[in-house]
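For reference, the structure discussed in these notes is given below.
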Amino acid sequence: MPEAKAVTQSDGESAIYARVLLKISGEALMGDQAYGIDQKAVLRIANEVADAAGSGVQMCLVIGGGNIFRGLSAAEQGMERATADYMGMLATVMNALAMQNALESIGVETRVQSAIPMMSVCEPYIRRRAIRHLERNRTVIFAAGTGNPFFTTDTGAALRAAEMGCDALLKGTQVDGVYSADPKKEPDATRYDQLSYRDVLAQDLRVMDASAVSMMRDNQIPVIVFSIHEPGRLREVLAGSGVCTIISEAK
């Protein structure tokens with residue numbers, strides 16, 4: 001993994017990461033809707049990404065598909081698991097195309113690469129081509145997970161972050177960090193500022209699945225969990241500030 005370099009942002013604040021992967025859930029694209037894609041929500045997130053990309057930070061994204069189809073939920077209702085997972089991967093491609101459209105509408109050059117080849121709508125995933133896009137300051141959105149059933153988009157994000165040599169994996173969630181329990185259900189839950197990979201696995205905190213956390217530990221890539229709904233928070237996190245939880249190796 002290349003050494004992180006300070007990147008001066010447009011307001012003079014320095015980002016401490018040169019290349020990052022942003023993982024967001026499909027639910028973040030729903031806005032106030034019960035399901036589907038809310039264009040206003042997509043454009044709001046796109047503006048946050050554009051702000052980061054415009055500062056010189058190389059950005060790649062992975063977006064879940066839970067706003068359209070959840071493979072695991074369908075499998076629990078009797079659908080064959082592999083089929084359900086493939087359908088979920090197709091939902092992530094739809095979300096990736098929606099985000100690409102929003103980003104390009106505000107002037108951010110973007111490429112979508114799918115682990116399931118769909119030559120008519122996006123590029124196939126090719127590692128060296130993706131790295132070249134990043135080097136040319138294009139935002140790359142990785143779709144269709146790993147291309148294999150039985151793996152979550154968290155694992156797909158961890159895999160791509162390692163392959164791209166990212167300095168950090170940023171996970172934009174519905175809350176402002178990692179808690180000991182769901183803060184929406186348990187108001188007294190403890191919020192953590194820092195955790196080790198071992199803490200996350202041992203306490204089964206479920207911020208990411210175990211295979212994704214283990215992959216980040218093995219590649220020494222920190223995971224930063226923050227609220228994707230707070231305006232300007234992504235920029236703050238890239239500068240090493242802002243409310244978030246940092247998951248890294250224990251010191």
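The values are calculated or read from the model by the stated rules, or taken from the named source; none is laboratory data. For clarity, every value in this text was computed on a predicted model and none was experimentally measured. Methodologically, a virtual Cβ is constructed for each residue, glycine included, from the backbone with ideal geometry; neighbour enumeration extends over all protein chains shown.
Working carefully through the options Val49, Val93, find the one that is without any contact (Cβ under 8 Å) to a residue 60 or more places away in the chain and of a type in the set (Val, Ile, Thr). If you could, list the steps in order and put the result at the bottom.
Details: Val49 fails: without any contact (Cβ under 8 Å) to a residue 60 or more places away in the chain.
Unique residue meeting the criteria: Val93.
One line per residue, one yes/no per condition, for (1) in contact with a strand residue (DSSP E or B) (Cβ under 8 Å, 6 or more places away or on another chain); (2) at pLDDT 90 or above; (3) surrounded by 22 or more Cβ atoms within 10 Å (Cβ to Cβ):
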| residue | (1), (2), (3) |
| --- | --- |
| Lys5 | no, no, no |
| Ser10 | no, no, no |
| Ala15 | yes, no, yes |
| Ser25 | yes, yes, no |
| Gly54 | no, no, no |
| Cys60 | yes, yes, yes |
| Asn67 | no, yes, yes |
| Gly88 | no, yes, yes |
**OP:** Kindly state which helices (runs of 4 or more DSSP H) lie completely within segment 141-251 and contain at least 3 residues that are surrounded by 15 or more Cβ atoms within 10 Å (Cβ to Cβ) and within 17 Å of the chain's Cα centre (by Cα).
**Re:** 153-163, 210-218, 233-238
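Condition test on Leu134, is it crowded, with 17+ Cβ neighbours inside 10 Å, under 23 Å from Val237 (Cβ atoms) and in contact with a Cys (Cβ under 7 Å, 6 or more places away or on another chain)? So that I can check it myself, show each step before the final result.
Working: crowded, with 17+ Cβ neighbours inside 10 Å: yes; under 23 Å from Val237 (Cβ atoms): yes; in contact with a Cys (Cβ under 7 Å, 6 or more places away or on another chain): yes.
Yes: the conditions hold for Leu134.
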Original post:
Looking at segment 100-111, is at least one residue assigned to a strand (DSSP E or B), surrounded by 17 or more Cβ atoms within 10 Å (Cβ to Cβ) and out of contact with any Gly (no Cβ under 6 Å at 6 or more places or on another chain)?
Top reply: yes
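For segment 234-251, which positions are touching a helix residue (DSSP H, G or I) at 6+ places or on another chain (Cβ under 8 Å) and free of Cβ contacts under 8 Å to residues at least 24 places away in the same chain? Give the derivation first.
First, the residues of segment 234-251 that are touching a helix residue (DSSP H, G or I) at 6+ places or on another chain (Cβ under 8 Å): 234-235, 238, 242-244, 247-250.
Passing the criteria: only Gly242.
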Original post:
Just one of Glu186, Glu249, Glu163 is in contact with a strand residue (DSSP E or B) (Cβ under 7 Å, 6 or more places away or on another chain) and either farther than 25 Å from Gly107 by Cβ or modelled with pLDDT of 95 or more (or both); which is it?
Top reply: Glu249
Subject >> So Ile116, is it closer than 18 Å to Gly71 by Cβ and more than 13 Å from the chain's Cα centre (by Cα) >> reply: yes
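Residue-by-condition table, conditions (1) buried (at least 21 other Cβ atoms within 10 Å of the Cβ); (2) at pLDDT 95 or above:
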position	(1), (2)
Gly71	yes, no
Ala74	no, no
Glu80	no, no
Ala91	yes, yes
Met94	no, yes
Original post:
What number goes with the only condition from (1) more than 19 Å from the chain's Cα centre (by Cα); (2) over 22 Å from Asp38 (Cα atoms); (3) in a helix (DSSP H, G or I) that Met87 does not pass?
Top reply: (2)
**OP:** Working only within segment 150-196, note down all residues that are closer than 29 Å to Arg81 by Cα and touching a Lys or Arg at 6+ places or on another chain (Cβ under 6 Å).
**Re:** Ala157, Glu163, Lys171
Original post:
Does Ser196 satisfy being among the polar types (S, T, N, Q), touching an Asp or Glu at 6+ places or on another chain (Cβ under 9 Å) and at pLDDT below 95?
Top reply: no
**OP:** Could you list all residues from segment 37-83 that are in a strand (DSSP E or B) and either farther than 20 Å from Met94 by Cα or touching a Pro at 6+ places or on another chain (Cβ under 8 Å) (or both)?
**Re:** Gln58
